[in-house]
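Trainee: Take this structure first; my questions come after.
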Amino acid sequence: MQEEVEQKTITLAISTSRLTARVLRDAINKYLAYRRQRKSVQSKNVESKDVKPVGKQTVKELIAQNQGVKSIEIAKSDIRDFERVARKYGVDFAVQKTVFEGKRRFLVFFKGRDEDAIIAAFKEYAAKTLKHDKPSLLDALRRNVEQSRNDPARARRQEPER
């Protein structure tokens, strides 16, 4: 009986100036929340073995799903934008860095069954990249202001006053 009680006891350390019922209640609530969180993490670890990975994953994990893998080449600067769009469409993909003819390229592998989703994702991705390529209106305005300042026909004439 004594051993059972010793096994079920816990130590709760509280640092406070006055030990009141409210402080003790808050400390116990925090401990119970910690136990619930630990229990949910343990249950997720057990379930994760049965669940297939979704979204960004390694090439090995993608190939292990035996659904046929296709690939597309993307420039380095656009990887983050592509990942955001792919997550939005729920596409399973893997990114692998390759060096071809001295240039770094990224190959994006995706499952064959995700082909329709990947086409929609690439359409949105292409629209975003084309939108970024447009010159800024403020930059064009600044260029025009500089040109007008340097134009001798529009330069101010300063006449000395007497």
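Trainee: Counting residues that are loosely packed, with under 10 Cβ neighbours inside 10 Å and either touching a strand residue (DSSP E or B) at 6+ places or on another chain (Cβ under 8 Å) or modelled with pLDDT of 80 or more (or both), which helices (runs of 4 or more DSSP H) fully inside the stretch 55-162 reach at least 2?
Mentor: So the answer is 137-150.
Trainee: I'd like the full set of residues that are at pLDDT 90 or above and assigned to a loop (DSSP other than H, G, I, E, B), limited to the stretch 20-50.
Mentor: Hit for the stretch 20-50 is THR20, nothing else.
The values are calculated or read from the model by the stated rules, or taken from the named source; none is laboratory data. Source: prediction; values computed, not measured. Every residue, glycine as well, gets a Cβ built from its backbone with ideal geometry; the counts of neighbours run over all protein chains shown.
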